[in-house]
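The values are calculated or read from the model by the stated rules, or taken from the named source; none is laboratory data. As the structure is a computational prediction, the values presented were derived from the model and not from experiment. Here the Cβ positions follow ideal geometry from the backbone for every residue, glycine too, while neighbour counts run over all protein chains shown. The area values use the complete protein model at the heavy-atom level, side chains included, leaving out ligands, DNA and RNA. Shrake-Rupley method; radii C 1.70, N 1.55, O 1.52, S 1.80 Å.
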Amino acid sequence: MAHFAKLDENNIVIEVNVVHNNELLDENGNESEEKGIQFLINWSGGYSNWKQTSYNRNFRKNYAGVGYTYRPDIDAFTSPQPFPSWTLDANAQWQAPTAMPTDGKMYSWDEATTAWVLNDA
C-alpha cells in the first residue's frame, strides 16, 4: 500500500490516505507517484495538492503526519518545530543547539536559557 499526504495551501499535512499499489502502476507496470496523485485527484473530487510519503522512510526523510510540513527545498516532511532555537539536520530531524546529556538522567529543554534542565525526581 502507498501513502499520500494531503497538503493545504501552506504545505501542511491535513490528512494521510492509503492508496492500493495497483493505482500507482503506469503502462509499463512501474509504480508512479503521478499515477497515485491522479487517482487521488479523481477520488477527492479535484483536490490536487498531494505528495507521496514513505512509511519506511525510503524517501522524503520522514513519514508524513497530520501537522507536518512538506518542504520542497529539501523534498522532505518535517515535524512541527519544537522550539524556535532548534534547527533541522541533514535527515530533516529537529536538533537542539546543544546535545542532551547522555548520563541516563531525565532532562527537559528550557527555551529561555537554550539549555537542558535536569528534571526533579
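Scanning the range 50-99 for residues that are of a type in the set (A, V, I, L, M), out of contact with any Lys or Arg (no Cβ under 7 Å at 6 or more places or on another chain) and either assigned to a strand (DSSP E or B) or surrounded by 13 or more Cβ atoms within 10 Å (Cβ to Cβ) (or both) returns Ala64, Ile74, Leu88, Ala96.
Tallying residues that are assigned to a loop (DSSP other than H, G, I, E, B), without any contact (Cβ under 8 Å) to a residue 24 or more places away in the chain and among the polar types (S, T, N, Q) within the range 1-43 yields 3. In the condition set (1) assigned to a helix (DSSP H, G or I); (2) touching a helix residue (DSSP H, G or I) at 6+ places or on another chain (Cβ under 7 Å), Tyr47 is compliant with all but (1). Going through (1) open to solvent by 50 Å² or more (accessible area, probe 1.4 Å); (2) modelled with pLDDT under 95; (3) under 15 Å from the mean Cα position of the chain (by Cα) one by one, Ala121 falls short only on (3). Filtering the range 13-31 to residues that are within 19 Å of Pro72 (Cβ to Cβ) and open to solvent by less than 50 Å² (accessible area, probe 1.4 Å) leaves Val13, Val16.
Quick check on my filter: what residues within the range 100-116 are more than 20 Å from Leu88 (Cα to Cα) and open to solvent by less than 70 Å² (accessible area, probe 1.4 Å)?
Step one: of the range 100-116, the residues more than 20 Å from Leu88 (Cα to Cα) are 102-107.
Result: Tyr107, single match.
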